[in-house]
């Protein structure tokens, strides 16, 4: 896949409960192509079938399904035009494994090398005022903070430049992300 194509792919990452999904939904509502988060989808599907690939049952199997989901989302983005916004990306799987104390298998590391995104990755910091738990999000705020730190470490190690999205109402976050994408597009076109 050419780098020009994947320069249109923008990841939003961070810990749970930081507003990623709300921002992704706002981007979709504004007419942009989006790719939903793997984790929540997998949890919903596994719960519906009493499956074993749940983070509280088998974190390694859960990670494998997340990796497959993220690679499929990446491939599906080829058919979309303009920027595509991903609620997490392939490197998130490595960060998740590190967070759980499991080693990242060689094939996950290889996937992170082969499935590229724009070098500018949006990271949403922990936000205690909006954090909440639910049936799919069982992590507490301390684990959300550790997840954020794992994503900072992982994406930085993979060569991405992190841009922190400010804690602000979703409309402001939406404007911030779109302005950063526009500025990045203009600076790469000028080169």
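The values are calculated or read from the model by the stated rules, or taken from the named source; none is laboratory data. None of these values were measured; they are calculated from a predicted model. Neighbour counts run over all protein chains shown; Cβ positions are idealised from the backbone, glycine included.
For the reader, a short list of remarks on this structure follows.
- Selection from the stretch 148-166 of residues that are out of contact with any helix residue (DSSP H, G or I) (no Cβ under 6 Å at 6 or more places or on another chain), within 20 Å of residue 22 (Cα to Cα) and in a helix (DSSP H, G or I): 148
- For the condition modelled with pLDDT of 95 or more and exposed (fewer than 12 other Cβ atoms within 10 Å of the Cβ), residue 111 does not qualify.
- In the stretch 72-92, the residues that are under 14 Å from residue 9 (Cα atoms) and buried (at least 17 other Cβ atoms within 10 Å of the Cβ): 73, 74, 77, 83, 84, 85, 86, 87, 88, 89, 90, 91
- Subset tally (residues that are in contact with a strand residue (DSSP E or B) (Cβ under 8 Å, 6 or more places away or on another chain) and either closer than 19 Å to residue 142 by Cα or not in a helix (DSSP H, G or I) (or both)) for the stretch 16-34: 6
- Of the helices (runs of 4 or more DSSP H) lying entirely inside the stretch 43-117, those carrying at least 1 residues that are free of Cβ contacts under 8 Å to residues at least 24 places away in the same chain and under 28 Å from residue 174 (Cα atoms) are 59-76.
- Some residue of the stretch 86-98 being at pLDDT 95 or above and over 18 Å from the mean Cα position of the chain (by Cα): no
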